[in-house]
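Scroll down for the structure; my scribbles are underneath it.
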Amino acid sequence: MAYSDKVVDHFNNPRNMGSFNKDEEGVGTGMVGAPECGDVMKLQIKVQNDRIVDAKFKTFGCGSAIASSSLATEWLKGKTLEEAERIKNTDIVQELNLPPVKIHCSVLAEDAIKAALADYQKKAGSKTGTGSTGTGSVQ
Amino acid sequence: MNQHSPSSGARNVQMARSMCWHCQSEVAGEYFCERCVKVQPVSKETDYFTCLGLPRRLTIDPSVLEAKYYERSRAFHPDFYLNKTEAEQAISLDNAATLNTAYRTLRDPVQRAEYLLDLEAGSVKTIRTSPPADLFEEILNLQDTLDAYRAGDHSSETGRQLRARLEAEREALERRQAEMEGELQRLFVEWDALQDRGEADSQARIERDRLLKRMREILSNRTYVKNIVNDLVATIG
């Protein structure tokens, strides 16, 4: 099976690889794994005023998993939390031209986004001074 | 052609699997019709344990498994059907293939447990376990060390230090993998004991779910650890 050009590009030049300090204010961390194949993905967002100003990832897995998370961080940057919530794994499949056997990699990336958003909301909620009005839909 | 006529063979076979595909008498034997002695297809719904004539238990004596496998192989092997009709050859081939898959799956304790979890709890996804964040963090950090080692000069002082660190990590992870497999074996015993008691009260159900969930957790974590160990072995040999 050959990888699409876009997957190869993300694999060779991963965007936003690295990590933030997870205890830093405004940082949400999503840590997910795929027990079927053993892939591990960490995706982090940095949020200011309900907008994602930066995103980073680290992925241990196949080329498609790396590409999916790399693409996800690219898409996340500049999005509001609500917009980020709407990113679907099918968008990633389409953009990267993932074959059916690699769809689970995009699912993993979507799960990582959701987990990072949830972690951010949890951290923001536990702080008393909730400056923003409402935190969008948590769906 | 009237599909609903009672003599329509193919349809009847589907409706009543205990009916011989050939002579349509009731099949009393396990794989062969007692009346016409034709081989009978192993149903697709037959689980691998049943297929090999074993109870649905996780602790399996390898010699018993092997004996059952050979016994059934002798019944199904396509070589013994060379002079038979095409239909019988096709059935024997299908049966032999199913039997081989069943044997391969049950022979390996990890695959056996994965298979049982599938049978008992549907797909993997239905058992929700929380991801082991510490283990993930460890794997990702280790991957950084691996990258640094791969990119650097192996004969330099830093290279040697990195290698020593990776070797220590590899040993620790292999120990952990062995521990996980040990716990899995203990869970096998607990699972089998629960099945043998055959209770159906709420407490037995809670215990059943706990065992399935714990097995799922260990199998998942083992996959993560195994992956990074493979990577370590491939890099430092």
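The values are calculated or read from the model by the stated rules, or taken from the named source; none is laboratory data. No experiment lies behind these values; they were computed from the predicted model shown. Glycine gets a Cβ as well: all are built from the backbone with ideal geometry, and neighbour counts include every protein chain shown. Just the protein is used for accessible areas: all its heavy atoms, side chains included, with ligands, DNA and RNA removed. Shrake-Rupley method; radii C 1.70, N 1.55, O 1.52, S 1.80 Å.
Taking the conditions exactly as written (within 30 Å of B:Arg222 (Cβ to Cβ), in contact with a Gly (Cβ under 7 Å, 6 or more places away or on another chain) and of a type in the set (S, T, N, Q)), does A:Gln48 satisfy them or not? So that I can check it myself, show each step before the final result.
Numbers: within 30 Å of B:Arg222 (Cβ to Cβ): no; in contact with a Gly (Cβ under 7 Å, 6 or more places away or on another chain): yes; of a type in the set (S, T, N, Q): yes.
It is false that A:Gln48 is within 30 Å of B:Arg222 (Cβ to Cβ), in contact with a Gly (Cβ under 7 Å, 6 or more places away or on another chain) and of a type in the set (S, T, N, Q).
Do the conditions hold for A:Asp54, that is, is it open to solvent by less than 50 Å² (accessible area, probe 1.4 Å) and within 14 Å of chain B (Cβ to nearest Cβ)? The answer is no for A:Asp54. Residue count for the range A:82-126 under the criterion of being open to solvent by 40 Å² or more (accessible area, probe 1.4 Å), farther than 21 Å from A:Lys58 by Cα and assigned to a loop (DSSP other than H, G, I, E, B): the result is 2. Among the numbered conditions (1) modelled with pLDDT of 95 or more; (2) surrounded by 15 or more Cβ atoms within 10 Å (Cβ to Cβ), the only one that B:Arg216 does not meet is (1).
For B:Arg208, indicate whether it is outside any helix (DSSP H, G or I) and either basic (Lys, Arg) or at pLDDT 95 or above (or both).
Numbers: outside any helix (DSSP H, G or I): no; either basic (Lys, Arg) or at pLDDT 95 or above (or both): yes.
It is false that B:Arg208 is outside any helix (DSSP H, G or I) and either basic (Lys, Arg) or at pLDDT 95 or above (or both).
Quick grid of which residues meet (1) of a type in the set (A, V, I, L, M, F, W, C); (2) over 18 Å from B:Gln143 (Cα atoms); (3) within 14 Å of chain B (Cβ to nearest Cβ):
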residue: A:Gly26; (1), (2), (3): no, yes, no
residue: A:Thr29; (1), (2), (3): no, yes, yes
residue: A:Asp39; (1), (2), (3): no, no, yes
residue: A:Lys42; (1), (2), (3): no, no, yes
residue: A:Lys46; (1), (2), (3): no, yes, no
residue: A:Lys58; (1), (2), (3): no, no, yes
residue: A:Ala67; (1), (2), (3): yes, no, no
residue: A:Thr80; (1), (2), (3): no, yes, no
residue: A:Pro100; (1), (2), (3): no, yes, no
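Results for (1) farther than 23 Å from B:Ala193 by Cα; (2) without any contact (Cβ under 8 Å) to a residue 24 or more places away in the chain; (3) surrounded by 12 or more Cβ atoms within 10 Å (Cβ to Cβ), shown as yes or no for each residue.
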{"site": "B:Ile60", "(1), (2), (3)": "no, no, yes"}
{"site": "B:Lys68", "(1), (2), (3)": "no, yes, yes"}
{"site": "B:Ala75", "(1), (2), (3)": "yes, no, yes"}
{"site": "B:Tyr81", "(1), (2), (3)": "yes, no, yes"}
{"site": "B:Asn95", "(1), (2), (3)": "yes, no, yes"}
{"site": "B:Thr98", "(1), (2), (3)": "yes, no, yes"}
{"site": "B:Ala113", "(1), (2), (3)": "no, no, yes"}
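Here's the yes/no breakdown for (1) open to solvent by less than 50 Å² (accessible area, probe 1.4 Å); (2) away from chain A (no Cβ under 11 Å); (3) within 23 Å of A:Ser19 (Cβ to Cβ):
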position	(1), (2), (3)
B:Pro132	yes, no, yes
B:Asn141	no, no, yes
B:Asp144	no, no, yes
B:Arg150	no, yes, yes
B:Arg160	no, yes, no
B:Arg163	no, yes, no
B:Glu169	no, yes, yes
B:Arg175	no, yes, no
B:Asp192	yes, yes, no
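Within the option set B:Ala204, B:Ala234, being under 21 Å from B:Arg150 (Cα atoms) and either open to solvent by 40 Å² or more (accessible area, probe 1.4 Å) or more than 14 Å from every other protein chain (Cβ to nearest Cβ) (or both) holds for one residue only, B:Ala234.
Set side by side, the residues B:Arg56, B:Arg35 differ, and just one is modelled with pLDDT of 90 or more and in a loop (DSSP other than H, G, I, E, B), which is B:Arg56.
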